[in-house]
Each structure stands twice: as C-alpha cells, then as structure tokens.
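Engineer: Provided herewith is a single structure, encoded as structure tokens, for subsequent inquiry.
The values are calculated or read from the model by the stated rules, or taken from the named source; none is laboratory data. This one's a predicted model, so the numbers in the text were calculated from it and none came from an experiment. Every residue, glycine among them, receives a Cβ derived from its backbone with ideal geometry; neighbour counts consider all protein chains shown. In case anyone asks, the SASA skips ligands and DNA or RNA and just uses the protein heavy atoms, side chains included. Shrake-Rupley method; radii C 1.70, N 1.55, O 1.52, S 1.80 Å.
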Amino acid sequence: MEKLVITAAICGAEVTKEHNPAVPYTIEEIVREAKSAYDEGAAIIHLHVREDDGTPTQSKDRFDLAIKAIKKACPDVIVQPSTGGAVGMSVDERLQPTELSPEMATLDCGTLNFGGDEIFVNTENDIKKFAEKIYSRNILPELECFDKGHIDMVKRLHKKGFIKEPMHFSFVLGVNGGMSGELRDFIFMRDSIPTNATYSVAGIGRYEFTLATASIIAGGHVRVGFEDNIFISKGVKAKSNGELVAKIVRIANELGREIASPNEARVILGIK
Ligand code: KMH
Ligand code: ZN
C-alpha cells in the first residue's frame, strides 16, 4: 500500500477560539499550529487565513505572509491554500491565493447547504472558472466533494476537458447539509471515483477518526485538523493540531501503514 499522506486543516474559516482556544488567527499562531502538525507527520497544510481578530479573509497578501512564515518553520511542507474561503465570498475574492502559484489548492466541486441559513455556492460555471485559473497557474487541485453528486460533476467536467489528471479527491463528509460520514457513505464515494485517482477523507466532528481509520485501511489518505474537528476524544478538546495528527500516526502505526514525507506525498499525488 502507498504511504499515508496526512493533511492538517489547521485553521478553517468557521471554527473560532470560542470553540477551542488553540484555533489560530494570527500569523504566529498559524505557524505554531502548522509546525505542530508537520512535526507529528503532516505532509500537507490545508490553509485558511484570518485577520488578527479571527475574521476570515482570502487576501493574497495575508496568504503570502502566512505561507512564507510556514515555509520558514517547515521548509519542505506542501501548503494547500483554500479557494473555498468562507461562505458568502465571491469567486474572485476566493481565487486570490492562486495568484501565488502554490503547489496545491482546493477546488470545491458543488453547492451545498452549510448549516443554519448558509449556502456554500459553487455553480458549474464557478467550478469551470476555478479549474481554469488553478490549472493555468500550474497548481494541483484537491477536488473537494461534499456529496456524491460532486464526484459526478468532476467526472462530467473531466470528460469536457475542464478537469485534468492526475485527479486527487477529498471527501469531506459530515457537514450539516452535505453527505453524512457513515462507513457506507465513504465506501460509496470511494467506489465512485476513477480507479486511477487518489483520495483523502476529511470526517467532520465525530466522524474524523472513524473515517480516517477506514481510509487508512482502504489505502486512501487522511485529513484532520481544527477546521473539521476540535476534539481529541469525546468531550476532550485537542491542545493543538499536532495532537490530532499524532493520533492518526498512532492508528496508522498500529495498522502497519507508513507515513509519507512531503516529498513522498508529491510523488504519490503527482505534484510536478
Ligand atoms: N469554509 C467552507 C465554506 C475549502 O477550503 O476549499 C469551505 C471550505 C472549502 O473550507
Ligand atoms: Zn477549507
């Protein structure tokens, strides 16, 4: 089996210090959390950025600052900026970090309700525009799918030439408004992607470690982090993203799956 690529989604756009005081806002806090995840075995940092007061932003300059600071602390790590940003942001606003030509960026593959009154909008034309900018800047997209229909959208846009190989999917399961994160949901998603594609699983909340374990067993990859889950075990808040990554490494070790370094992750995912 391929080595396990661990992504740490350290910050998110919706989770706050009220949920867990270790959620990072400032550049220093973001670096602290990225380094804690990297030191424990994360190869990829999925990155959102905030103003110092916690307000989510897609500012190119803020991403530039954060990426440079992360790279100083973790020189070989893969930084994967979000182009999802926060609910309500425009396409152009969300695309800003791609101007920095990072190695990877997320590409959200469909619209969904996002808890309460929120809608995370990604129309077919939006997805085409994100894909066009991402590929033209030589970035590998992580194809974020919150529902099976999003995989179908990817396959349709692949046939039409908008989505290219290598295809790397992220199944984000358990969002209030998206697909749930039961084992059958994961298997259904995994069996629906092209056989030559790679995938990672991000289970939201209580699904984080169960789905991660399923993916470790199945040969997929894993995403953990405060963006998805703030607890290390039932009712116990994690002290850092590193603590969440360390738990995944322990589970992988028990199951005999080795951990990929950032350079090994580049080869597995086909990052040029
Ligand atoms: N913050 C969510 C609305 C991504 O990073 O590409 C979207 C999100 C997806 O987090
Ligand atoms: Zn995200």
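Engineer: Which value in nm describes the separation of the simple spin-label points at residue 261 and residue 113, placed 7 Å from the Cα toward the beta carbon?
Structural biologist: Label-label distance for residue 261 and residue 113, simple model: 4.7 nm.
Engineer: Sticking with this one: Counting only heavy atoms of the protein chains, get the accessible area per residue of region 169-272 (1.4 Å probe) and round it to a whole Å² value.
Structural biologist: 43
Engineer: What is the magnitude of the charge dipole of the chain about its Cα centre, with +1 placed on the Cβ of each Lys and Arg, -1 on the Cβ of each Asp and Glu, and no other charges, expressed in debye to the nearest 20?
Structural biologist: Values: 33 positive and 39 negative charges, 135 e Å.
Roughly 640 debye for the chain.
Engineer: How long is the gain from residue 210 to residue 55 if the chain were fully straight, where each residue apart is worth 0.36 nm and the alpha carbon distance is subtracted? Please report the intermediate quantities before stating the final value.
Structural biologist: On the way: separation 155, 0.36 × 155 = 55.80 nm, distance 3.07 nm.
Value of the extension gain: 52.7 nm.
Engineer: Where the only charges are on Cβ atoms (+1 Lys, Arg; -1 Asp, Glu), what is the dipole of region 116-219 about its Cα centre, to the nearest 20 debye?
Structural biologist: 480
Engineer: May I ask you to give the percent of accessible area on region 1-130 that is carbon plus sulfur, with a probe radius of 1.4 Å?
Structural biologist: 50
Engineer: Oh, and also: Using only helices, what value at 222 nm comes out for the chain when you add -39,500 (n - 2.57) per DSSP H run of length 4 or more and divide by the total residues, to the nearest 500 deg cm²/dmol?
Structural biologist: Numbers: 9 runs with 101 residues, N = 272.
The per-residue figure over the chain is -11500 deg cm²/dmol.
Engineer: Continuing with this model, one more query. Taking every pair of alpha-carbon atoms in region 3-122, give the share separated by more than 25 Å as a whole percent. Can you show the working numbers first?
Structural biologist: Details: 1372 of 7140 pairs.
Of all Cα-Cα pairs in region 3-122, 19 percent lie more than 25 Å apart.
Engineer: Moving on. Going down the table (35/164; 3/164; 133/155), which pairs top 28 Å between alpha carbons?
Structural biologist: Values: 35/164 32 Å; 3/164 24 Å; 133/155 19 Å.
The pairs that break the limit, which is 28 Å between Cα atoms, are 35/164.
Engineer: Same structure again: Under a plain spin-label model, where a point goes 7 Å from the Cα along Cα-to-Cβ, how far apart in nm are residue 152 and residue 184?
Structural biologist: Reported label-point gap for residue 152 and residue 184 is 1.8 nm.
Engineer: What does the charge count near residue 93 come to, summing +1 for each Lys or Arg and -1 for each Asp or Glu among other residues with Cβ under 15 Å from its Cβ? Display every interim value, and only then the final one.
Structural biologist: Numbers: positive: 50, 60, 62, 94, 129, 133; negative: 51, 61, 92, 99, 108, 126.
In short, 0.
Engineer: Net charge near residue 270, counting Lys/Arg +1 and Asp/Glu -1 over other residues with Cβ under 13 Å of its Cβ? Please report the intermediate quantities before stating the final value.
Structural biologist: Working: positive: 164, 266, 272; negative: 2, 103, 142, 165, 264.
Surrounding charge for residue 270 is -2.
Engineer: Here's something else I'd like to know. Placing +1 on the Cβ of each Lys and Arg and -1 on the Cβ of each Asp and Glu in the chain, which of 212, 74, 263 has its Cα farthest towards the positive end of the resulting dipole?
Structural biologist: The listed residue farthest towards the positive side: 263.
Engineer: I've got another one for you. Would you work out if the chain is rounded, prolate or oblate? Take a ≥ b ≥ c from the square roots of the eigenvalues of the alpha-carbon gyration tensor; rounded if a/c is under 1.5, else prolate when a/b is larger than b/c, oblate otherwise.
Structural biologist: Working: a/c = 1.23, a/b = 1.05, b/c = 1.16.
Verdict is rounded for the chain.
Engineer: If I stretch the segment between residue 236 and residue 101 completely, what's the gain in nm (0.36 nm per residue apart, minus their alpha carbon distance), one decimal? Display every interim value, and only then the final one.
Structural biologist: Numbers: separation 135, 0.36 × 135 = 48.60 nm, distance 3.78 nm.
Result: 44.8 nm gained on full extension.
Engineer: Could you check the simple spin-label distance between residue 92 and residue 76, using points 7 Å along Cα→Cβ, in nm with one decimal?
Structural biologist: So the two model labels end up 4.1 nm from each other.
Engineer: For residue 135 and residue 272 in one chain, what is 0.36 nm times their gap in residues minus the Cα-Cα distance, to one decimal in nm?
Structural biologist: Numbers: separation 137, 0.36 × 137 = 49.32 nm, distance 1.22 nm.
Separation in residues times 0.36 nm, less the Cα-Cα distance, equals 48.1 nm.
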